[in-house]
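The structure under discussion appears below in the form of structure tokens.
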Amino acid sequence: MTTSLKASIRAIYVSTLTFAMVGCPSTQPPAEEMPLPTETTSTQPTTEVAADPEPVVPLNFVKPNLSDEELRDGWISLFDGTTLFGWDVPSETNWHVEDGAVVADSGERSLLLTPFVFDDFQLRCDFHLAAGGNSGVFLRTAEGASNPAKDTYELNICDSHKSHKTGSLVGRHVAENVPAVEGDWHTFDIRCEASHITVKLDGQKIVDFTDESDAQRLSGRIGLQMNSGRVAFRNVFLRPLNGKPLFNGTDLTGLREVPGGKSTFEVKDGAIHVANGPGFLETEDTFADFILHVDARTNGEALNSGVFFRAMTGTEQAPSHGYEMQIQNGYTDGDRTKPADSGSGAIFRRAAARYVVANDNEWMVETLIAQGDRFATFVNGYQVVDWQDDREPDENPRRGRRLQAGHISLQGHDPTTNLDFRALQIHELTSK
């Protein structure tokens, strides 16, 4: 478990004693299994034996407040509504969760940060600042940022600031005629695209800024700030911009079948239909750090498939040597916190999904962020995995940590396979 996740758990325990406590699969990878010739040597589901459990994390599932159309457009929720899962949490401030909001109101000033570096994106969040307080949303933030005019774009939330009141980018741009916000809930809608930043406050555009300075920043982490006074955030949603399709909706251009497979891959009604198995369909191109968006549907109960990434070129003898984002919606004892086979969104054999979000026979959206050795997955906008690969480096991700680019491939798991993929889109990220 990473230091940041341990800090998250400590903060969560302090602030969520009133929540029901339910089990959550550990994000610590299990002990290494013996090498296997392929992920699909058996037609039966593979069940992992977990290592000694980590302390449980409180988990009350809250469906993200995102429409089906927004999910298909690529929106994900960075805050799950009940925990600080998926954030890097500073210990000097009492970041915690109250009534469905991320709150900080004591301790030293700090930033609650995403573990990932983003470049072009749209960010939407609600915020509430107590009267006389000072906060902000930090965009494209450098590591150890100290100077807002160089290290970040600080979208200020402070009606009493002497020079850069609410809506201004501190040290860079002054927003004018912005109404006071302290004491009530409000919404920012932020768009960062190349050097151009726009901001809407409650639907009204207040910032239209193009940075032509020498301190222009094109990527960085996203941070929520506590400077002084009580601040709260909720509905923190992000959508990557300028992704490119891996499937054109018409044919399999840019994709190729791995030799020796039994699966059939064909385009039907604008989707890739996968039947039978085992088998793999992989991209001709390779990718290292990215956000991957996948629309998928299992046409049967508890069917098994996956999306492999950073994979070595598939061969008949070794078709699937890559990391795998699992597709499997089964769960046990009627409890969605107990995935039957790691769960959709799991990094298979490494980190089980903490909740089975999707249903079979329905379209679902899986989102994967892979940057360096840190991985996060989301199912229908809800984050189910936050995992850091601390194994020794290896060309084969089944044996160790792989940072270099690899193929993305769709899996036909066994003779019962019956799935559809109607969208595959990738947004390549810079390395952290």
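The values are calculated or read from the model by the stated rules, or taken from the named source; none is laboratory data. What you are looking at is a predicted structure, and each value in this text was computed from that prediction instead of being measured. Positions of Cβ are generated from backbone atoms using ideal geometry, with glycine treated the same way; all protein chains shown enter the neighbour counts.
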**Asked** Regarding residue 97, is this residue more than 28 Å from residue 430 (Cβ to Cβ), in the same structural domain as residue 198 (by TED's automatic domain parsing) and β-branched (Val, Ile, Thr)?
**Response** yes
**Prompt:** Somewhere in the range 304-318, is a residue in contact with a Ser or Thr (Cβ under 7 Å, 6 or more places away or on another chain), in a loop (DSSP other than H, G, I, E, B), crowded, with 22+ Cβ neighbours inside 10 Å and at negative phi?
**Reply:** yes
**Message:** Looking at 97, 181, 170, 174, can you tell me which residue is farther than 26 Å from residue 204 by Cβ and either at pLDDT 95 or above or in contact with a Ser or Thr (Cβ under 8 Å, 6 or more places away or on another chain) (or both)?
**Reply:** 97
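I'd like the full set of residues that are farther than 30 Å from residue 220 by Cα, crowded, with 24+ Cβ neighbours inside 10 Å and touching a residue at least 40 places away in the same chain (Cβ under 8 Å), limited to the range 322-340.
327, 328, 339
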**Request:** With the checklist (1) part of a loop (DSSP other than H, G, I, E, B); (2) crowded, with 22+ Cβ neighbours inside 10 Å; (3) in contact with a Gly (Cβ under 8 Å, 6 or more places away or on another chain) in hand, flag the one item residue 293 doesn't pass.
**Result:** (1)
**Asked** Going through the range 378-419 one residue at a time, which ones are surrounded by fewer than 19 Cβ atoms within 10 Å (Cβ to Cβ) and either in a strand (DSSP E or B) or of a type in the set (Asp, Glu) (or both)?
**Response** 390, 392, 393, 394, 395, 401, 418
**Item:** Those residues of the range 196-239 which are closer than 19 Å to residue 114 by Cβ, among the small types (Gly, Ala, Ser) and assigned to a strand (DSSP E or B), in sequence order
**Value:** 220, 223, 232
**Message:** Quick test of your reading of the structure: residue 89 fulfils all but one of (1) touching a residue at least 60 places away in the same chain (Cβ under 8 Å); (2) farther than 26 Å from residue 380 by Cβ; (3) not small (Gly, Ala, Ser). Name the failing condition by number.
**Reply:** (2)
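Going through the range 129-138 one residue at a time, which ones are crowded, with 19+ Cβ neighbours inside 10 Å and out of contact with any Lys or Arg (no Cβ under 8 Å at 6 or more places or on another chain)?
Taking the range 129-138 and keeping what is crowded, with 19+ Cβ neighbours inside 10 Å, we get 129, 133-138.
Answer for the range 129-138, where residues must be crowded, with 19+ Cβ neighbours inside 10 Å and out of contact with any Lys or Arg (no Cβ under 8 Å at 6 or more places or on another chain): 134, 135, 136, 137.
Among the residues of the range 349-404, which ones are of a type in the set (Gly, Ala, Ser) and in contact (Cβ under 8 Å) with a residue 60 or more places away in the chain? Give the steps one after another, and end with the answer.
Filtering the range 349-404 down to residues of a type in the set (Gly, Ala, Ser) leaves 351-353, 358, 370, 372, 376, 381, 400.
351, 352, 353, 370, 372, 376, 381, listed by residue number.
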**Message:** So if I check each of 277, 261, 220, which one is modelled with pLDDT under 95 and buried (at least 20 other Cβ atoms within 10 Å of the Cβ)?
**Reply:** 277
**Prompt:** Of the conditions (1) small (Gly, Ala, Ser); (2) within 17 Å of residue 425 (Cα to Cα); (3) not in a loop (DSSP other than H, G, I, E, B), residue 249 fails just one. Which one is it?
**Reply:** (3)
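Suppose the filter is surrounded by fewer than 22 Cβ atoms within 10 Å (Cβ to Cβ) and either of a type in the set (S, T, N, Q) or in contact (Cβ under 8 Å) with a residue 12 or more places away in the chain (or both); does residue 150 pass it?
Working: surrounded by fewer than 22 Cβ atoms within 10 Å (Cβ to Cβ): yes; either of a type in the set (S, T, N, Q) or in contact (Cβ under 8 Å) with a residue 12 or more places away in the chain (or both): yes.
Against the criterion (surrounded by fewer than 22 Cβ atoms within 10 Å (Cβ to Cβ) and either of a type in the set (S, T, N, Q) or in contact (Cβ under 8 Å) with a residue 12 or more places away in the chain (or both)), residue 150 qualifies.
If you check 311, 370, which single one turns out to be closer than 25 Å to residue 262 by Cα and in the same structural domain as residue 298 (by TED's automatic domain parsing)? Explain how you work it out, then say what you get.
On the way: 370 fails: closer than 25 Å to residue 262 by Cα.
Of the residues listed, the single one that is closer than 25 Å to residue 262 by Cα and in the same structural domain as residue 298 (by TED's automatic domain parsing) is 311.
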